[in-house]
Amino acid sequence: MSFNTFGHMFRVTTFGESHGVALGCVVDGTPPRIPLAVEEIQRDLDRRRPGQSRFTTQRQEADQVKILSGVMTNDNGVQVTTGAPIALVIENTDQRSKDYSDIKDKFRPGHADYTYEAKYGIRDYRGGGRSSARETAARVAAGAIARKIVPDMKVRGALVQMGPHKIDRANWDWDEVARNPFFCPDRAKAAFFEEYLDDIRKKGSSIGAVVEVVAEGVPPGLGAPIYGKLDADLAAAMMSINAVKGVEIGAGFGAAELHGEDNADEMRMSNNGPVFLSNHAGGILGGISTGQAVVVRFAVKPTSSILTPRRTIDRSGAETDILTKGRHDPCVGIRAVPVGEAMMACVLADHLLRHRGQAG
């Protein structure tokens, strides 16, 4: 199985399976002499960690990360990067592979069971193996390192829609994101989501969501035409996240409803340089950052592992029914928020290093 690596100057290779001994990543391209403490990586992992509320999977993983290489303590007693590959590992401690023994020969609808079997002739039925959302823990760890490369860029994410219910953007409060289990910036809508998702969870079903990731402090000039566009790489990064089925930049699909005079972001000059009067472009024009906030949204499908019986086939081709037991997120979009932030940080770090290499 190839294609476990993304990025160019800042490259991340992830490894491991949902029910294996451990998972982790190797991060290559990190500049030397950057202070990096394991606590900084752990802080981001703790936000993605499962089992923190009744609204996420009850799998109890500490997600304790270990740094195996690429750092050392300098003369001032500070742990810094050396420029060598940084290897990170996270042990799995709460696997319950027996939960999947009853369905090991059945293809779960909505999962990658059939496609993995069709491509490789073998699949890891224990939680999906590499196709499991557990793999994203390694991405979040890598994203913590990426943030150290772009310290002047603030990358934040929020859940802005669950099912058909959208937040009221007039109530947007970034501080509220850390106060509720949904990473929701709208306090009133977060309270609504509690009852809404409780009902879905108790029925053994699931629901989709939309996550928005915003990067502020991005300088103009990141990205390159034609095949190295910043928005193209961001779209690919977000689409690579498990269960993501759609990505938009700025106004996105909403731009199709606008007239030209409404969509184009007008400009004026200030004492600090050009100023845009709106941001329908999401901070990117011609694949290159404008200096505005970079805004990306992605849609996450409902968790396919549900208690409702579904029609499927088994490995022999026989028609059958399936009911997926185990511990699953009723809305996987919740824990996708820190994952989206990590992918944004990784792409921005990569493009910053690429920009320095070409333009100095």
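The values are calculated or read from the model by the stated rules, or taken from the named source; none is laboratory data. Given the structure is predicted, the values throughout are model-derived calculations rather than measurements. Note that each Cβ is placed from the backbone with ideal geometry, even for glycine, and that neighbours are counted across all protein chains shown. Please note that ligands, DNA and RNA were not included when accessible areas were found on the heavy atoms of the full protein model with its side chains. Shrake-Rupley method; radii C 1.70, N 1.55, O 1.52, S 1.80 Å.
Details
- Selection of first residues in the stretch 255-271 that are within 18 Å of THR290 (Cα to Cα) and of second residues that are of a type in the set (Ser, Thr, Tyr) and part of a loop (DSSP other than H, G, I, E, B), restricted to Cβ pairs under 6 Å at least 6 apart or on distinct chains, gives the following pairs, ordered by first then second residue: ASP265/SER278.
- Restricting the stretch 32-55 to residues that are of a type in the set (Lys, Arg) and more than 13 Å from ILE90 (Cβ to Cβ) leaves a set whose member that is nearest to the chain's Cα centre (by Cα) is ARG47.
- Annotation: ALA232 fulfils all but one of (1) part of a helix (DSSP H, G or I); (2) buried (at least 21 other Cβ atoms within 10 Å of the Cβ); the unmet one is (2).
- Near pairs, Cβ below 6 angstrom, 6+ apart or cross-chain, from the stretch 333-345 (closer than 7 Å to VAL211 by Cβ) to any residue that is part of a loop (DSSP other than H, G, I, E, B) and open to solvent by 10 Å² or more (accessible area, probe 1.4 Å): VAL337/PHE183
- For the stretch 114-155, the candidate set comprises residues that are farther than 18 Å from VAL339 by Cβ and of a type in the set (A, V, I, L, M, F, W, C); within that set, the residue that is modelled with the highest pLDDT is ILE149.
- Of everything in the stretch 4-31 that is assigned to a strand (DSSP E or B) and among the charged types (D, E, K, R), the residue that is farthest from the chain's Cα centre (by Cα) is ASP28.
- Checklist (1) part of a helix (DSSP H, G or I); (2) surrounded by 16 or more Cβ atoms within 10 Å (Cβ to Cβ) applied to GLY357, failing item: (2)
- Residue in the stretch 240-259 that is surrounded by 16 or more Cβ atoms within 10 Å (Cβ to Cβ), in a strand (DSSP E or B) and over 18 Å from the mean Cα position of the chain (by Cα) present: no
- Applying a threshold of 6 Å to beta carbon distances and a minimum spacing of six or more residues, or different chains, the list of pairs starting in the stretch 71-95 at a residue that is over 25 Å from LEU23 (Cβ atoms) and open to solvent by 20 Å² or more (accessible area, probe 1.4 Å) and ending at one that is of a type in the set (Val, Ile, Thr) and part of a strand (DSSP E or B) reads ASN74/VAL80.
- Scanning the stretch 197-218 for any residue that is out of contact with any Ser or Thr (no Cβ under 7 Å at 6 or more places or on another chain), part of a helix (DSSP H, G or I), open to solvent by 50 Å² or more (accessible area, probe 1.4 Å) and of a type in the set (A, V, I, L, M) turns up nothing.
- Hits in the stretch 16-41 (condition: without any contact (Cβ under 8 Å) to a residue 60 or more places away in the chain and touching a strand residue (DSSP E or B) at 6+ places or on another chain (Cβ under 7 Å)): ASP28, PRO32, ARG33, ALA37, VAL38
- If you filter the stretch 300-325 down to residues that are within 24 Å of the chain's Cα centre (by Cα) and open to solvent by less than 40 Å² (accessible area, probe 1.4 Å), you find that the one that is farthest from MET153 (Cα to Cα) is ILE306.
- Residue ID - modelled with the lowest pLDDT, chosen from residues in the stretch 38-93 that are β-branched (Val, Ile, Thr) and part of a loop (DSSP other than H, G, I, E, B): THR57
- Candidate set: the stretch 123-166, residues that are among the β-branched types (Val, Ile, Thr) and assigned to a helix (DSSP H, G or I); chosen: the one surrounded by the fewest Cβ atoms within 10 Å (Cβ to Cβ): ILE149
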